[in-house]
Amino acid sequence: MLDKRLVFVTGKGGVGKSAVAAALGMVAARRGRRTIVAEVAARDDVHRALSGGASGGFAESELADGLFALSVDPQAAMEEYLEDQLSRPLAEVLKGSRIFGYLAAATPGMRELLTVGKLWELAQPDRRTPGAEPYDLVVVDAPATGHGLALLNAPRTFAEVAAAGPVARQAGVIQATLEDRSQTGVVVVATPEEMPVNETAFLRDELGDRLDLVVANAVRPDRFDDEEASRLAAASGPAARLALVAHARAREQQEQLRRLTPDAVLPFAPVGATGGADLERLAEALEATL
């Protein structure tokens, strides 16, 4: 997994995708790979979790030795693409054109193509961004299920619509990278609950052999056997009731885990506003699997 250039982390919303993406980035950096964790849709959850501080904006920020973070903004990605493909005067005219902006926004797949194009650029040995150093691995904190699939398929969708021209050709090159399993991997994250497990089954069908890893996140330990649970049920008081609730929830999770058949199981470790020890725990559990 970590020998690829691009790894997309997706799954149902609320399952801890950002935490898993951050932990994966930490593991890769510790193994000596220059790694960037990239978020899309102008989010900065990963940056805040890894740095414990404020947003890094849309710049590539180094947060630890060999570990970087970036929030990808489609508008900034479009401006960068125009500057790379066109003369500076023409690029400046188009960047300031309201009509061009409307056309770009209305073109099917264009917003996703610009986003995934920036992610692809980050993973290239020879980057088009002046003075930018290449990364060994780009971990993408991708959108949830449906939008995550749209992002992965955006170059193909755009190429089919555009049919010809430099943008269509570039889309074809990017799609070839995304479909090359030696270069691109996909990780699906799910909590052991019915809806996330159902969505993971859907993603398995949609992705086929493009899916590399299924991660069960936020798995709670079951601390009681049946005899102990019976004794708790006979006891009184709030502590016994809370323990029984935790026991029932852990048992329900085990049933869902049997449906999910994950490749990696990560413990319940909520990531607070300052990141830190919880991410460390996830990274340690993930590294043991990888």
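The values are calculated or read from the model by the stated rules, or taken from the named source; none is laboratory data. Predicted, not measured: the structure shown is a model, and the values here were computed from it. Here Cβ is always computed from backbone atoms with ideal geometry, including for glycine, and neighbour counts include all displayed protein chains.
Data overview
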quantity	calculated
Check on residue 203, surrounded by 14 or more Cβ atoms within 10 Å (Cβ to Cβ), touching a Leu at 6+ places or on another chain (Cβ under 9 Å) and in a helix (DSSP H, G or I)	yes
From the options 167, 140, residue that is buried (at least 20 other Cβ atoms within 10 Å of the Cβ) and not hydroxyl-bearing (Ser, Thr, Tyr)	140
Test result for residue 190, within 17 Å of the chain's Cα centre (by Cα), surrounded by 24 or more Cβ atoms within 10 Å (Cβ to Cβ), at pLDDT below 90 and not basic (Lys, Arg)	no
Given (1) among the small types (Gly, Ala, Ser); (2) closer than 12 Å to residue 116 by Cα; (3) in contact with a strand residue (DSSP E or B) (Cβ under 7 Å, 6 or more places away or on another chain), number of the condition residue 171 does not satisfy	(3)
Residue 218 of a type in the set (A, V, I, L, M, F, W, C) and on the phi < 0 side of the Ramachandran plot	no
Near pairs, Cβ below 8 angstrom, 6+ apart or cross-chain, from segment 228-246 (under 24 Å from residue 218 (Cβ atoms)) to any residue that is not aliphatic (A, V, I, L, M)	229/247; 232/224; 232/247; 243/223; 243/224; 246/220; 246/223
Selected residue (only one of 205, 212 is free of Cβ contacts under 8 Å to residues at least 60 places away in the same chain and closer than 30 Å to residue 113 by Cβ)	205
Pick from segment 54-77, criterion in contact with a strand residue (DSSP E or B) (Cβ under 9 Å, 6 or more places away or on another chain) and at pLDDT below 65, ranking: surrounded by the fewest Cβ atoms within 10 Å (Cβ to Cβ)	57
Those residues of segment 100-127 which are at pLDDT below 75 and either exposed (fewer than 14 other Cβ atoms within 10 Å of the Cβ) or in a helix (DSSP H, G or I) (or both), in sequence order	100, 101, 102, 103, 104, 105, 106, 108, 110, 111
Odd one out for residue 257 among (1) modelled with pLDDT of 95 or more; (2) on the phi > 0 side of the Ramachandran plot	(2)
The listed residue being small (Gly, Ala, Ser), under 21 Å from residue 50 (Cα atoms) and exposed (fewer than 13 other Cβ atoms within 10 Å of the Cβ), out of 283, 288, 234	288
All positions within segment 160-192 that are out of contact with any Asp or Glu (no Cβ under 8 Å at 6 or more places or on another chain) and of a type in the set (D, E, K, R)	160, 169, 179, 180
Answer from 221, 155, 196, 192 - the residue that is closer than 26 Å to residue 288 by Cα, in contact with a Gly (Cβ under 9 Å, 6 or more places away or on another chain) and not in a strand (DSSP E or B)	196
Hits in segment 6-42 (condition: over 13 Å from residue 142 (Cα atoms) and in a strand (DSSP E or B))	35, 36
